[in-house]
Amino acid sequence: MVEVLVPLHVTGFFKPHFHENPLLAGSVGAGFSFTVFSRTLARRNNQRCIRIFINGREATREALTSVAAAEEFFTNAEFFEGVDIYHEIPAPVACGLSTSGAGALGVVFALNELFDTGFDRLRLAQMAHVAEVRCRTGLGSVIAQYEGKFEVRLRPGAPGIGVVSRFDVDAEVAIVVFGEIKTSTILSSDQAMKRVIEAFGDMNERLAREFSVEKFCELSKRFALTSGLMSENARRALEIAERVGLRGSMLMLGDGVFLFGEKLRERVRDLLKVMPRRPIWWCVARIASAGVRLQ
């Protein structure tokens, strides 16, 4: 049975673009995929229904984006079968790690293998994008995770429509998560979106013109503060990290931070002892050099 691996992803700054056609909706901004992977496989069932399991627990009512991705797949395939979809996600959901985008990509690629429908990678990624946009769980995660690396999203839209510059970066990153922030709540708030758009400014052009990890961290932190999205936990954690020479910003959108620097694992372990709140999860990983793949 084929397993689908999708790297998780962090957004540093973004500007939404809403459109009645979900293929044209999306966001511009920047972020990176990292080497912690969502794993997905699918099996037929005799229930004539879609069931989603996350880490062994049935989560169909919660995993709306995965359900929507399966429905989008069957709409495009022009048939329907009952399926059980199993996600193994080694990170907390709703915490700015693009687990919904990973789930959507995992679903459509796994179903394509299960039913041997022969959709190409681009069309599958577009199905996943449509599902996530309709569920308001993200706008630019799928196009980023589809091919991985560090990315600057220059034009909104689904894979094949949006324009992305990607950068190979050989670096470690630490991810520290304190809790969740519901993306759908932020994306549905006109006031929050107005602040986000004002804070975004010309960040995209500046980073694409002269890309570096340092510039990404600088712009991301400025965006998080100016937009009002920076949580108190993230602000205090960054203050502590910067004292020992680490740089980073807040997860978009989650109550947590990402950090770059030397000797990360050792230094983050020490920092966790003095951070204002104990994290619910943390890791040190590398920037992912590729996107979704089959195993």
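Throughout, read-outs are computed from the coordinates displayed, never taken from laboratory work. What you see is a predicted model, and the numbers here were worked out from it, not measured in a lab. Please note: Cβ atoms are built from the backbone with ideal geometry, for glycine as well, and neighbour counts cover all protein chains shown.
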* Apply 1/(1 + (r/R0)^6) to the Cβ-Cβ distance of ASP168 and GLU58, taking R0 = 30 Å, and write down the FRET efficiency to the nearest 0.05. => 0.15
* Between PHE79 and ARG155, what length in nm is gained on full extension when 0.36 nm per residue of separation is reduced by their alpha carbon distance? -> 24.0 nm
* Most fluctuating residue of ALA59, ALA125, ALA224 in a GNM of the chain with Cα springs under 10 Å: which is it? -> ALA59
* Determine the calculated [θ] at 222 nm for the chain from helices alone, applying -39500 (n - 2.57) to every DSSP H run no shorter than 4 residues and normalising by the residue count; nearest 500 deg cm²/dmol. => -11500 deg cm²/dmol
* To do: Place a label point 7 angstrom from the Cα of GLU239 along the Cα-to-Cβ direction, then list the residues of segment 169-183 whose backbone nitrogen is under 14 Å away.
  => none
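Between ARG265 and LYS215, what is the FRET efficiency for a Förster distance of 25 Å, r being their Cβ-Cβ separation, to the nearest 0.05?
The formula returns an efficiency of 0.55 here.
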* To do: Determine, for MET230, MET203, MET1, the number of other Cβ atoms within 10 Å of each Cβ, and report the residues in order from fewest to most.
  => MET1, MET230, MET203
* Structure fact -> For LYS149, the lysines lying under 18 Å Cα to Cα, once residues fewer than eight places off in the same chain are dropped, come out as LYS215
* Structure fact -> Phi angles of segment 13-28, converted by Karplus (6.51 cos²θ - 1.76 cosθ + 1.60, θ = phi - 60°) into ³J(HN,Hα) in whole Hz with x for Gly and Pro, give 7, 7, 9, x, 9, 8, 8, 5, 8, x, 5, 9, 6, x, 8, 9
* Sorting TYR86, TYR146 on the 10 Å Cβ count, fewest up front, what's the list? -> TYR86, TYR146
* To do: Output the peptides 147-159, 35-47 sorted from most to least packed, where packing is the average of other Cβ atoms within 10 Å over each peptide's residues.
  => 147-159, 35-47
* Structure fact -> Distribution output for the chain: share of Cα-Cα pairs per 5 Å bin in percent, first bin at 0, values 1, 6, 13, 18, 19, 17, 12, 8, 4, 2, 1, 0
* Could you pull out every residue, at least 5 positions away or on a different chain, whose amide H is within less than 5 Å of the one on SER98? Hs are placed 1.01 Å off N in the peptide plane, and Pro or chain starts have none. => HIS9
* Asked: Lys/Arg Cβ at +1, Asp/Glu Cβ at -1, dipole of segment 208-283 taken about the Cα centre: which of SER212, ILE280, PHE260 is farthest positive-ward?
  -> ILE280
* Could you work out how far apart the two model spin labels at ARG286 and SER189 are, taking each label as a point 7 Å from the Cα in the direction of the beta carbon, and quote it in nm? => 3.8
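Only counting other Cβ atoms within 10 Å, I'd like ILE143, ILE175 sorted with the fewest neighbours first.
Values: ILE143 29, ILE175 26.
So the ranking, lowest neighbour count to highest, is ILE175, ILE143.
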* Structure fact -> Expressed in nanometres to one decimal, the distance between label points 7 Å along Cα→Cβ at ALA208 and VAL2 is 3.3
* For segment 1-119, alpha-carbon Rg relative to the globular expectation (2.2 N^0.38 Å, N residues) -> 1.08
